[in-house]
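Below: one structure, written as structure tokens.
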Amino acid sequence: MTPRILYKRLAFAEVITWTLLILGMVGKYGFGLDWATTVGGSIHGFVFLCYTVATIAVWTDKRWSAGIGLLGLASAVIPYATVPFERSVERRGLLEGPWRLGPGGEQSRSLAERTLAFALRSPVVALIVTLVVVAVVFSLLLVAGKPTEWFS
């Protein structure tokens, strides 16, 4: 899977899960369905974390500037912003080509690049590790409670 395809799919998945979360909020606050935000929020949270991992991977591989990478991460926080961001970087050619650090690709130079190169050369291991890390972070966030209550 190329960086372009991965990023396009996850940007679209973020839009879908934002919709689920918003519908869940309508269900909770409009119809008293407390479970609706739990379902929509959980699915959205998981996809959000996956999009974040993908953004960091593409940022590293394609050598995006800090500004573009941070904007990519910020786009996940704003409802429906991931698709316009993805289209913007695609139009500018920032998603072109295969993985630079993939098998047979360039030599990695930094810790981030070495980590990504390992992940691209050992995709099954990387997928398992990524899913475990995302699941652990997701679980910790569930234990932490609703984001609106973190600082109260």
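Each other residue within a Cβ distance under 12 Å of A112 adds +1 if Lys or Arg and -1 if Asp or Glu, for a net charge of +1.
Gap in Å between the Cα centre of the range 5-71 and the Cα centre of the range 80-152? That distance is 13 Å.
Label-to-label distance, Q107 versus L131, with points set 7 angstrom from Cα along the beta-carbon direction: 3.5 nm. Taken over the C-alpha atoms, the range 2-152 has Rg and Dmax values of 16.9, 56 angstrom. A DSSP coil position with no more than 11 other Cβ atoms inside 10 Å describes none of the chymotrypsin sites (Phe, Trp or Tyr not before Pro) in the range 34-111. Within the same chain, aspartates and glutamates fewer than 8 places from K8 are excluded, and of the rest, those with a Cα less than 19 Å from its Cα are D61, E86, E90, E96.
Hey, can you list the DSSP H helices of the chain whose Cα span along the axis is 24 Å or longer and whose average Kyte-Doolittle score is at least 1.6? Kindly include the intermediate steps, with their values, before the conclusion.
On the way: long enough: 3-31 (40 Å, 0.83); 34-61 (41 Å, 0.87); 123-144 (31 Å, 3.02).
Long hydrophobic helices here: 123-144.
Exposed loop sites, defined as GluC sites (Glu not before Pro) outside DSSP H, G, I, E and B with at most 13 other Cβ atoms within 10 Å, are absent from the longest region of the chain, namely 1-95. Remark: the range 8-52 projects, on average over all directions, an area of 2.6 nm² (convex hull of Cα atoms). The percentage of C-alpha pairs in the range 95-142 whose separation is greater than 18 Å is 42%.
The sum of -39500 (n - 2.57) across all DSSP H runs of n ≥ 4, divided by the residue count of the chain, sets its helix-only mean residue ellipticity at 222 nm to -24500 deg cm²/dmol.
All of the numbers you see were taken from the coordinates with simple rules; none came from a lab. Note that the structure is a prediction, hence the values are computed from the model and not measured. All Cβ positions, glycine included, derive from the backbone under ideal geometry; neighbour counts span all protein chains shown.
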